[in-house]
Amino acid sequence: MSIQIFNTLSRQKEEFIPLEEGKVKMYVCGPTVYNYIHIGNARPVIVYDTVRRHLEYRGYDVKYVSNFTDVDDKLIKAANELGQEVPEIAERFIAAYFEDTKALGCAEADVHPRVTDHMVQIIEFIEALIEKGYAYESQGDVYYRTRKFAGYGKLSHQSVDELKVGARIETGDKKEDELDFVLWKTAKPKEISWDSPWGKGRPGWHIECSVMAREHLGDTIDIHAGGQDLTFPHHENEIAQSEAFTGKPFARYWMHNGYINIDNEKMSKSLNNFVLVNDILKEMDPQVLRFFMLSVHYRHPINYSQQLVEDAVAGLERLRTAYGNLKHRLGTSADLGDHSDIWIHKIEAIKTAFIETMDDDFNTANAISSLFDLSRLSNTYLLEKQTATIVLETFIAVFDELAGVLGVPFSQQEELLDEEVEALMAERIRARKNRDFARADEIRDLFKEKKIILEDTAQGTRWKRGQ
RNA sequence: GGCGGCAUAGCCAAGUGGUAAGGCAUGGGUCUGCAACACCCUUAUCACCGGUUCGAGUCCGGUUGCCGCCUCCA
């Protein structure tokens, strides 16, 4: 069975066939680095990191590129407000981006291109568009001649004529047509700028992605992804630029993720309800946030609230406990031949279901339920009086494998308790043996204060970190 | 005005023709010295109306409600 991807271009699921067998060229629109990322920014990073993990898990060699917009109006505004230089701010928030996304389990892209490193290519690209008649200079600005590109609107499925009617498009006397969008903006006095054939200025927002995608992945890429709001105009404009330039299809599969709402409202500055990743990670396990995001299909909206996060905590805890209990049992398991095949067969069936649902347009919500199926199965297996090492190891291996695809690993660093705590633990075991339950409970409460949960099982006492 | 999405149990959420996954929460039971973990059981006919079909949450038409894009935006 092949991988299916919902392609915004066709608005349906399509079989994924990469341009080059076994290889995937993937471009994900990255952030404008003028602030810390909020959880809405984090969603695409997590979603497409998971897409990448799954593609790699399925044997593809993925080249993953995600840009930083390190110069634009918002950055200039931020620079003015803070009294700092644009590069200084960009640098700071790029560092913060890496810190936040790493905590969320997102691998770095193979390339993180920055706009300011591609000025030469951007200018060349624009010059070529002018030469081909797709762009024109006007008082230091350069605009794209939108109506000239026949395929305009094919991604967002809008006709240029309809766009013209209701759109709140600024009409400036610099433009030939109100649908035209800017490729190069002339700089205001003292603003950060680069020399160009049209004078000092900086690139428009859309051109950068066309240029950097081509620079690092070639004329045609396999998957281009981003938030739903980028479909129009950003991605539509990228297509217009790139396809006018190369004469080839720009991207074969377009993926767009849904929004995040806060308490059922859109995040917005006016409502002042932005949730910054950097802030919530001070109080929240980053894996919980990732798990929470993946518990909903990527194309659907997610509502974010304290209550829902707490539910996610409970769910993730269930999986972690199952995993931890397997590890604990490993210490007392034996080489039993009996019935092991049956259990292993069941584990494999769950793994297969996981893969199939991920193949089907990256249905992480279903994939997570496979993980719950696996934990129920393992919990049931642990009810056995004697467990086989091979079965436990299979459980653990599959847990690791599947959780790895989702980027929510359960394996913690092997942690040791310090001597004092170990001594108390030993004392409690003796106390229980002597049926001195008062002392045993006292010690258990002591541990609880240290946020260590003790659980007595037929195979001895196990412990885990808890609330 | 144009384009699009959503409406499934108390909450969250899968499910694109064949008698409603999963999680959280609730209640009951088992296990336990007690507890915790866990296990078992328990809770829906899928916004509404009409149609197609042997059969629809799942397709078609309509109604209602909510949301997004068309302007910087993940």
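The values are calculated or read from the model by the stated rules, or taken from the named source; none is laboratory data. These numbers come from a predicted model, not from an experiment. For neighbour counting, all protein chains shown are included, and Cβ atoms are generated from backbone atoms with ideal geometry for every residue, glycine included. Heavy atoms of the whole protein, side chains included, go into the accessibility calculation; ligands, DNA and RNA do not. Shrake-Rupley method; radii C 1.70, N 1.55, O 1.52, S 1.80 Å.
Values for this structure:
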read-out: Matching residues in segment A:175-187 - criterion: being more than 13 Å from RNA strand B (Cβ to nearest atom) and at pLDDT 90 or above; value: A:TRP184, A:THR186, A:ALA187
read-out: Failed criterion for A:PHE447 (all others in (1) more than 9 Å from RNA strand B (Cβ to nearest atom); (2) outside any helix (DSSP H, G or I) hold); value: (2)
read-out: Residue within segment A:46-66 that is under 17 Å from A:GLY227 (Cβ atoms) and near RNA strand B (Cβ under 9 Å from one of its atoms) present; value: no
read-out: Strands (runs of 3 or more DSSP E) enclosed by segment A:171-261 - at least 2 residues per element that are closer than 22 Å to A:VAL71 by Cβ; value: A:181-186, A:201-203, A:221-227
read-out: Selection count where residues are among the acidic types (Asp, Glu) and touching a Phe, Trp or Tyr at 6+ places or on another chain (Cβ under 6 Å), scope segment A:316-362; value: 1
read-out: Tally of residues being hydroxyl-bearing (Ser, Thr, Tyr) and open to solvent by less than 10 Å² (accessible area, probe 1.4 Å) across segment A:46-82; value: 4
read-out: Residue check, A:GLU85 within 20 Å of the chain's Cα centre (by Cα) and open to solvent by 70 Å² or more (accessible area, probe 1.4 Å); value: no
read-out: So A:ALA322, is it over 26 Å from A:ASN261 (Cα atoms), within 8 Å of RNA strand B (Cβ to nearest atom) and among the small types (Gly, Ala, Ser); value: yes
read-out: Of residues in segment A:27-45 being within 11 Å of RNA strand B (Cβ to nearest atom) and among the hydroxyl-bearing types (Ser, Thr, Tyr), the one least open to solvent (accessible area, probe 1.4 Å); value: A:THR32
read-out: Test set (1) near RNA strand B (Cβ under 9 Å from one of its atoms); (2) open to solvent by 40 Å² or more (accessible area, probe 1.4 Å); (3) closer than 30 Å to A:ALA225 by Cβ - A:LEU371 fails condition number; value: (2)
read-out: Out of A:TYR143, A:TYR134, sole residue that is surrounded by 17 or more Cβ atoms within 10 Å (Cβ to Cβ), within 15 Å of RNA strand B (Cβ to nearest atom) and more than 25 Å from A:ARG11 (Cβ to Cβ); value: A:TYR143
read-out: Some residue of segment A:259-269 being free of Cβ contacts under 8 Å to residues at least 60 places away in the same chain, more than 10 Å from RNA strand B (Cβ to nearest atom) and farther than 22 Å from A:GLN412 by Cα; value: yes
read-out: Hey, A:TYR136 of a type in the set (Phe, Trp, Tyr) and either assigned to a helix (DSSP H, G or I) or in contact with a helix residue (DSSP H, G or I) (Cβ under 6 Å, 6 or more places away or on another chain) (or both) or not; value: no
read-out: Criterion violated by A:LYS282 - all others in (1) of a type outside the set (Asp, Glu); (2) over 19 Å from A:ALA103 (Cβ atoms); (3) not in a helix (DSSP H, G or I) satisfied; value: (2)
read-out: Per-region count, segment A:306-319, residues among the small types (Gly, Ala, Ser) and either open to solvent by 50 Å² or more (accessible area, probe 1.4 Å) or near RNA strand B (Cβ under 6 Å from one of its atoms) (or both); value: 2
read-out: Subset tally (residues that are out of contact with any Lys or Arg (no Cβ under 6 Å at 6 or more places or on another chain), open to solvent by less than 30 Å² (accessible area, probe 1.4 Å) and of a type in the set (A, V, I, L, M, F, W, C)) for segment A:189-221; value: 5
read-out: Any hit, segment A:94-103, residues being crowded, with 17+ Cβ neighbours inside 10 Å, in contact with a Ser or Thr (Cβ under 9 Å, 6 or more places away or on another chain), modelled with pLDDT of 95 or more and among the charged types (D, E, K, R); value: no
read-out: Boolean, A:ILE355 is over 29 Å from the mean Cα position of the chain (by Cα), buried (at least 17 other Cβ atoms within 10 Å of the Cβ), more than 28 Å from A:ILE452 (Cβ to Cβ) and at pLDDT 95 or above; value: no
read-out: Output for segment A:401-419, where each listed residue is surrounded by 14 or more Cβ atoms within 10 Å (Cβ to Cβ), away from RNA strand B (no atom under 16 Å from the Cβ) and not in a loop (DSSP other than H, G, I, E, B); value: A:GLY404, A:VAL405
read-out: Of all residues making up segment A:128-174, the number that are at pLDDT 85 or above, among the charged types (D, E, K, R) and closer than 21 Å to A:PRO197 by Cβ; value: 6
read-out: Count - residues of segment A:450-467 that are more than 10 Å from RNA strand B (Cβ to nearest atom) and either touching a Pro at 6+ places or on another chain (Cβ under 9 Å) or open to solvent by less than 50 Å² (accessible area, probe 1.4 Å) (or both); value: 2
read-out: Criterion: within 30 Å of A:GLU356 (Cα to Cα), assigned to a helix (DSSP H, G or I) and not aliphatic (A, V, I, L, M) - qualifying residue of A:GLU427, A:GLU422, A:GLU442, A:GLU393; value: A:GLU393
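Listed here are the residues, each with its yes/no results for (1) out of contact with any strand residue (DSSP E or B) (no Cβ under 8 Å at 6 or more places or on another chain); (2) part of a helix (DSSP H, G or I).
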site: A:TYR298; (1), (2): no, no
site: A:ARG318; (1), (2): yes, yes
site: A:LEU326; (1), (2): yes, yes
site: A:PHE354; (1), (2): yes, yes
site: A:MET358; (1), (2): yes, yes
site: A:ALA365; (1), (2): yes, yes
site: A:SER375; (1), (2): yes, yes
site: A:THR380; (1), (2): yes, yes
site: A:LYS385; (1), (2): yes, no
